[in-house]
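The values are calculated or read from the model by the stated rules, or taken from the named source; none is laboratory data. Every value quoted in this text rests on a predicted model; they were computed, and no experiment measured them. Using ideal geometry, Cβ is built from the backbone for each residue, glycine included, and neighbour counts are taken over all protein chains shown. Note: accessible area is taken over every heavy atom of the protein model, side chains too, but ligands, DNA and RNA are not part of it. Shrake-Rupley method; radii C 1.70, N 1.55, O 1.52, S 1.80 Å.
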Amino acid sequence: MITRKIKYGLIGASGRLGNEIKNVFAENHFELVFEYDLNGEKKSGSPEILIDCSLPEVFTKSVSIIDELKIPFIIATTGLNEEQINKLRELSQNVPVVQSYNFSLGIQVLLRLTELANEKLKDWDVEIVETHHRFKKDKPSGTAKMIRNVFKDREVNTSSLRLGNVPGEHTVSFGGLGEVLSISHSATSRRTFAEGILKSAEFVLQKKNGFFSFTDIVFGK
């Protein structure tokens with residue numbers, strides 16, 4: 001439990017998730033001292049931790065800050081390429097890094113349930129369907145890719161819908177010849193992701209270095 005004010009920086013501060021992070025962190029002993037978004041940069045102090053919830057195009061900016069300040073880094077950006085992931089692993093040799101495409105506790109449980117279903121239903125058909133708001137650029141979502149990674153031994157089709165202002169819905173369905181099993185998760189508010197990022201911040205502030213996922217934080221590493 002953090003009992004003192006922690007100064008933090010936020011990349012993508014004016015976005016939907018950025019605004020939720022600001023609200024949740026303000027309630028939990030965190031002080032925003034650095035912001036970066038489309039409107040430019042605001043700085044009132046030196047951050048002790050940096051959070052990036054922007055776009056892959058801003059990745060270089062975040063890396064430059066970490067290289068300079070040597071502080072813990074949490075990145076919730078989706079659509080990262082292999083080179084960018086490798087750069088995060090490189091950074092994690094000197095600072096703690098948490099990288100995840102989804103910071104929802106419920107999604108972590110969905111992944112575990114999907115692993116169990118995959119073990120028991122090897123000969124069943126599998127489909128993944130994900131739905132997000134119309135403004136989401138990457139397709140399929142990072143979370144859908146996380147679910148698909150459970151199926152290391154087979155190809156799984158993924159359908160992507162972009163509708164209205166949906167924060168995020170994911171369903172993985174298993175179909176046998178006489179029954180269908182569906183495991184679903186719906187995010188009803190982006191606050192759930194901000195709370196997961198807060199949990200990650202509290203975790204990573206206790207580490208000296210290392211590369212972590214939200215799965216590691218929820219289930220232990």
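Look at the range 135-158: where a residue is closer than 16 Å to Ala117 by Cβ and a partner is assigned to a loop (DSSP other than H, G, I, E, B), sitting 6+ places away or on another chain with Cβ atoms under 6 Å, you get Met146/Tyr101; Arg148/Val156.
In the range 204-215, the residues that are closer than 24 Å to Thr143 by Cβ and touching a residue at least 24 places away in the same chain (Cβ under 8 Å) reach residues that are in a loop (DSSP other than H, G, I, E, B) and open to solvent by less than 40 Å² (accessible area, probe 1.4 Å) with C-beta atoms within less than 6 angstrom, at least six apart or across chains, in these pairs: Val204/Pro72; Gly210/Ser92; Phe211/Ser92; Ser213/Ser100; Phe214/Ser100; Phe214/Phe103. Is it the case that some residue within the range 63-78 is open to solvent by 30 Å² or more (accessible area, probe 1.4 Å), closer than 14 Å to Ile11 by Cα and in contact with a Ser or Thr (Cβ under 9 Å, 6 or more places away or on another chain)? For the range 63-78, residues open to solvent by 30 Å² or more (accessible area, probe 1.4 Å), closer than 14 Å to Ile11 by Cα and in contact with a Ser or Thr (Cβ under 9 Å, 6 or more places away or on another chain): absent. For the range 164-203, which residues satisfy the criterion of being charged (D, E, K, R) and open to solvent by less than 70 Å² (accessible area, probe 1.4 Å)? Arg190, Glu202 - these are the residues of the range 164-203 that are charged (D, E, K, R) and open to solvent by less than 70 Å² (accessible area, probe 1.4 Å). Taking the range 154-221 as the region of interest, the strands (runs of 3 or more DSSP E) fully inside it that hold 3 or more residues being out of contact with any Asp or Glu (no Cβ under 8 Å at 6 or more places or on another chain) and either over 20 Å from Glu20 (Cα atoms) or among the acidic types (Asp, Glu) (or both) are 180-187, 210-212. Scanning the range 10-43 for residues being hydrophobic (A, V, I, L, M, F, W, C) and within 20 Å of His132 (Cβ to Cβ) gives a total of 2. Within the range 38-86, the set of residues being part of a helix (DSSP H, G or I) and among the basic types (Lys, Arg) comprises Lys61 only.
Let's see how each residue does on (1) over 22 Å from Pro56 (Cα atoms); (2) at pLDDT below 95; (3) open to solvent by 30 Å² or more (accessible area, probe 1.4 Å):
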| site | (1), (2), (3) |
| --- | --- |
| Arg89 | no, no, yes |
| Gln99 | no, no, no |
| His133 | no, yes, no |
| Lys137 | no, yes, yes |
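Among all positions in the range 108-116, there is no residue which is modelled with pLDDT under 95 and either under 19 Å from Ile11 (Cβ atoms) or loosely packed, with under 15 Cβ neighbours inside 10 Å (or both). Filtering the range 1-37 to residues that are surrounded by fewer than 21 Cβ atoms within 10 Å (Cβ to Cβ), in a strand (DSSP E or B) and touching a residue at least 60 places away in the same chain (Cβ under 8 Å) leaves only Ile6.
Please tell me if Phe219 is open to solvent by 30 Å² or more (accessible area, probe 1.4 Å), aromatic (Phe, Trp, Tyr) and in contact (Cβ under 8 Å) with a residue 60 or more places away in the chain.
Judged against the criteria, Phe219 is a match.
Only one entry in Ile66, Ile85, Ile74 is touching a Phe, Trp or Tyr at 6+ places or on another chain (Cβ under 8 Å) and aliphatic (A, V, I, L, M), namely Ile66. Cβ-Cβ contacts under 8 Å between residues 6 or more apart (or on different chains), taken from a first residue in the range 103-131 that is within 13 Å of Met146 (Cβ to Cβ) and free of Cβ contacts under 8 Å to residues at least 60 places away in the same chain to a second residue that is of a type outside the set (Lys, Arg) and assigned to a loop (DSSP other than H, G, I, E, B), are listed as Glu115/Val150; Ile128/Pro140; Ile128/Val156; Glu130/Pro140; Glu130/Ser141.
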